[in-house]
Amino acid sequence: MSLFPDRGRLKTALALALAVAVVPACSPKTTKPVRRSAERVFVMGFDGMDPTLTSRFMAEGKLPNLQKLAESGTYRTLETTQPSESPVAWASFATGVNPGKHNIYDFLIRDLDTYMPDLAMVDRTTHPLKLLWGTFPIARPLPLSTRGGTSFWVSAGLDGVNSTVLTVPVTFPPETIEHGEMLSGLPVPDIRGTIGTFYYWSTDLSSFEEGSPEFGGYLKRLLFDGGVSKTYLRGPESPVLKQEEAALRAKQKTGELSEKDQARLTALRDIKDINIPISINWTENSGKVDLEIQGTKLSLKQGEWSGWVPLTFKVNFVIKLHAMTQFFIQKADSELQIYAHPANFDPRDPPTPISKPDSFAPDLARKLGLYRTIGWAESMDKSLQELRTDEASFLYDADKAFDDRERVIFENLKRDDWDLFVAAIETTDRVSHMFFRLIDLKHPMYDKALADRYGDAIEKIYRRADALVGKLQEKLPQNVTLMVMSDHGFHTFRRGVNLNTWLVQNGYMVFDGQESPKKGLDDLFGRGQFWEGVDWSRTRAYALGLGQIYFNLKGRESRGIVSPGAEYDALQKEIVDKLVTIEDPDDKARIFRSVYKRDDIYKGEFLKNAPDLQVGFNDGYRVGWQDTMGGVQRTVVENNNRKWSGDHCATATEISGGIFFSSKKLSNASPHIMDLAPTILELLSVPLPKDYDGKPLR
């Protein structure tokens, strides 16, 4: 957020606003000075790298660096969390504890009062932007992490260890690390506060297709007059207008809303977005296009990408939000199709800090140039899902995302003052999600022609990961223990399972209707309507997220009807006994490997936020797309006819472990992801926190 002084009679008020807005946050200081460790540790994380595929590629001689690491040190399957989801597993990696102690159970959480879903990991409501006279910021918005526990790099820093932590998931907002630096990873949002709203403008888009598709994005039809089209790039909602809207809704609840207020409230729905105009010049079949946005002029050919384009979203004459995007010309022949990345925070001046210290991200930009800041750097997965871009474009962009992460790592390796270095790259995960359909001949979306062209996409990203390990081994000093790990494995996702539909059919949820209205990510971020047709006065259980079943519990949910104690226990047993016997109607295969009761798999101070049941799917199954956000569909089991064809979320943890390599020989046969934090701290001679669930590997 940029602030600049006003003139005249507002100068005094603005000076006050500036003084309050830029006061730095104080952080506790350790009494221990920085020290050098006799043994140093480098951890390289590859999200979603699967042990079965890794072992196969190693046996085929395709991962020589990992093979050497396995032969000279240790290679094991790394047991993971339940569910085997990235935010859950990475949180346990960082803290050494189970989800009951760190509070991350899924990508989504639910509001116990309204039952509405929201994104987990970050609380953006406790400390919102505060404005003086509705104009001048007197307090910046302060996102808070909902993750509990203490990261091992924080413990190491307090003991005097110098640390560098780069783009590890579940590190936004960034943590202050004594004697250390952090660049945040997932869930760093885009400028709209989402995990990736892409942009797509096209001449062959119908008016019915315009708007926000299911998987998140913004589609806009292009109309030309004299070779020129005027359109816009959709920006964030104005925090000033959102504050005005919140005040009007408060009046609405108390019955104080006037007719004029109601008209204003209605109007705010359509004017909250801060949009940036774009001018496009194009001649049919020319093969090129000229764009102008905020003074930046681009001349691009079909198939060409722009560099990073800076964007400034003006909230008012005081507040500016800085972002950046890249444009891609997919077609410029008889039709024009333009894609743009989600508007990443500009690392030179992000709206909210994405690093600690705050100056770390801007300093990197000065050294490296602009780099991706959004938590999921490979943002074309959504446009590929929506059939707006193709496989070649996705893979090109994924390779560039890997480049960005790698550049950041090696820039920080130029300094040799660290004793703990932790970095993560998620490209292995994103490519696996999108291309599993081309290595599974039984997948509904298997396409031989595409498989002939892109069937080696997953192998190639594993080979690139292996090459990075080789480069690291060349750079790292002799006294460094190198660990290579992943948070979970991967499976084919052939069939979607609609848990809410099953709950309705079996009388646990009472729903008036045949099918819920289709939901998209825009509904989630826009706090859209949910649970239409659900009668909470008669509903005992509901599903939300990627495999979580919650009970409508008295004293917890606002309209709870299930009593704690004997009724709760009986309902758990009844649903578990029924679910584990469900077979796929097509081939009679068992859908669930297990269904886990809350208290059997979680313990800790955040137990109250845990799902009452966590499902564990067999290979080939995952929660259906609409079911993730509480929808009720027509059938319980259906084909996954999406390009997002590989998954791991809620696959039974027993069959969804990750990888673990170490340059040290270790005897432990079954390491767990929670064991890594205590292992690393022990290597660094840092005292272990008493609440750890993990144990040091030796």
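Values in this text are rule-based calculations from the coordinates and carry no lab data. Keep in mind that this is a model prediction, so the values were computed, not measured. For neighbour counting, all protein chains shown are included, and Cβ atoms are generated from backbone atoms with ideal geometry for every residue, glycine included.
See the values below:
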item	result
At 0.692 mPa s and 37 °C, Stokes D of the chain from Kirkwood alpha-carbon radius, µm² per second	123 µm²/s
Equivalent ellipsoid, the stretch 493-655 (semi-axes from 5 times Cα gyration tensor eigenvalues, Å)	23, 20, 16
Chain lengthening between Leu298 and Asn479 when straightened (0.36 nm per residue, less Cα-Cα)	60.3 nm
Stretchable slack from Leu441 to Ser72, in nm (0.36 nm times residue separation minus alpha-carbon distance)	129.2 nm
Histogram of C-alpha separations across the stretch 198-344, 10 Å bin width, %	10, 35, 29, 16, 7, 2
Cross-link pairs Lys272/Lys320; Lys400/Lys475; Lys272/Lys382; Lys101/Lys554; Lys32/Lys130; Lys297/Lys331 - those with Cα-Cα distance over 26 Å	Lys32/Lys130
Burial ranking of peptide ranges 248-254, 689-695 (average Cβ count within 10 Å, highest at the top)	689-695, 248-254
Ordering of 193-201, 274-282, 258-266, 446-454 by packing [mean C-beta count within 10 Å, highest first]	193-201, 274-282, 446-454, 258-266
Antiparallel %, DSSP beta bridges [both residues in the chain], to 5	70 percent
From phi via Karplus (6.51, -1.76, 1.60), per-residue ³J(HN,Hα) for the stretch 476-483 in Hz, x at Gly/Pro	6, x, 5, 8, 9, 7, 9, 10
Amide H contacts under 5 Å for Gly48, placed H, 5+ residues apart	Asp487, His488
Ellipticity estimate at 222 nm from DSSP helix runs (n ≥ 4, -39,500 (n - 2.57)) divided over the chain, nearest 500	-8000 deg cm²/dmol
For the stretch 198-344: relative contact order, % (alpha-carbon pairs under 8 angstrom, 6 or more apart)	24 percent
Flagged links, alpha-carbon separation over 26 Å, of Lys367/Lys643; Lys288/Lys314; Lys68/Lys690; Lys603/Lys695	Lys367/Lys643; Lys288/Lys314; Lys68/Lys690
Protection-proxy order for peptides 111-118, 217-224, each taking the mean of Cβ atoms within 10 Å per residue, highest first	217-224, 111-118
Karplus 3J(HN,Hα) series, Hz, for the stretch 645-657 with 6.51 cos²θ - 1.76 cosθ + 1.60 (x for Gly, Pro)	10, x, 7, 7, 4, 6, 5, 3, 4, 5, 10, 10, x
Spacing of the two label points (7 Å from each Cα toward its C-beta) at Lys251 and Val580, in nm	5.8 nm
Karplus-derived HN-Hα couplings along the stretch 560-576 (A = 6.51, B = -1.76, C = 1.60, θ = phi - 60°), whole Hz, x at Gly and Pro	x, 10, 8, 7, x, x, 4, 5, 4, 4, 5, 5, 4, 5, 5, 5, 4
Contact order relative to length of the chain, as percent, for alpha carbon pairs under 8 angstrom and 6 or more apart	23 percent
The stretch 378-453 versus the stretch 578-623: alpha-carbon centroid distance in Å	29 Å
Average Cα contact separation per residue, the stretch 493-655, under 8 Å, 6 or more apart, as relative contact order %	36 percent
Centroid-to-centroid separation of the stretch 155-234 and the stretch 55-99 [C-alpha atoms, Å]	27 Å
